[in-house]
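Take a look at the structure below.
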Amino acid sequence: MATLLSEEELDRALRNVPRWKYDVPGKRIVREIKCQSFMDGIDIVRDVAELAEDAQHHPDIDIRWTTLTFALTTHSAQGLTQKDFDLAREIDVL
């Protein structure tokens with residue numbers, strides 16, 4: 001099972017993914033992305049789905065016309081682990 005990050009590790013990890021916001025009550029990190037069109041958003045979701053499958057770590061994804069919201073947490077650990085930040089960085093590269 002993945003290990004929860006300490007507060008110090010969490011602070012450091014958040015600095016490395018500045019586009020993501022820490023959602024304290026949800027114990028997750030969240031990023032919103034605006035797309036040119038609905039279909040552009042769907043293409044991004046497909047790309048993220050492939051990354052998630054490879055990592056065996058899946059984000060919650062909300063699709064609202066041209067706005068995508070990705071949320072990452074490690075459900076089995078009930079909070080944030082390094083797996084969340086690794087996938088966040090991969091999503092940022094897309």
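Across segment 14-29, rounded Karplus estimates of 3J(HN,Hα) from the backbone phi angles (6.51 cos²θ - 1.76 cosθ + 1.60, θ = phi - 60°) give 5, 5, 7, 10, x, 7, 9, 10, 7, 9, 4, x, x, 6, 8, 10 Hz, Gly and Pro being marked x. Using C-alpha pairs under 8 Å with a sequence gap of at least 6, the mean separation divided by the residue count of segment 1-77 gives a relative contact order of 35 percent. For Lys83, the lysines whose Cα falls under 19 Å of its own Cα, not counting residues fewer than eight places away in the same chain, are Lys21, Lys27. The order of the peptides 34-40, 66-72, 14-20, 87-93 by mean Cβ neighbours within 10 Å, most packed first, is 66-72, 87-93, 14-20, 34-40. Since only Ser37, His58, Thr81 are under comparison, the one whose Cα sits farthest along the positive direction of the charge dipole of the chain, derived from C-beta charges on Lys, Arg, Asp and Glu, is Ser37. Show log10 I(q)/I(0) for the chain at q = 0.12, 0.16, 0.17, 0.23 Å⁻¹, two decimals, from a solvent-free Debye sum over equal Cα scatterers. Ignoring solvent entirely, the Cα scatterers give -0.35, -0.62, -0.69, -1.20. Ignoring any ligand, DNA or RNA, what whole percent of the accessible area of the chain comes from carbon and sulfur when the probe is 1.4 angstrom? Answer for the chain is 50 percent, counting heavy atoms of protein chains only.
Efficiency by 1/(1 + (r/R0)^6): what FRET value for Ile61 and Ala2, r their Cβ-Cβ distance, R0 = 22 Å, to the nearest 0.05?
Numbers: r = 20 Å, r/R0 = 0.92.
About 0.65, to the nearest 0.05.
Whole number in Å², please: accessible area per residue of segment 31-94, 1.4 Å probe, ligands, DNA and RNA not counted. Spelled out: the 1.4 Å probe surface of segment 31-94, per residue, equals 58 Å².
The values are calculated or read from the model by the stated rules, or taken from the named source; none is laboratory data. Not measured: the values here are computed from a predicted model. As a convention, Cβ positions derive from the backbone with ideal geometry for all residues, glycine included, and neighbour counts pool all protein chains shown. Just the protein is used for accessible areas: all its heavy atoms, side chains included, with ligands, DNA and RNA removed. Shrake-Rupley method; radii C 1.70, N 1.55, O 1.52, S 1.80 Å.
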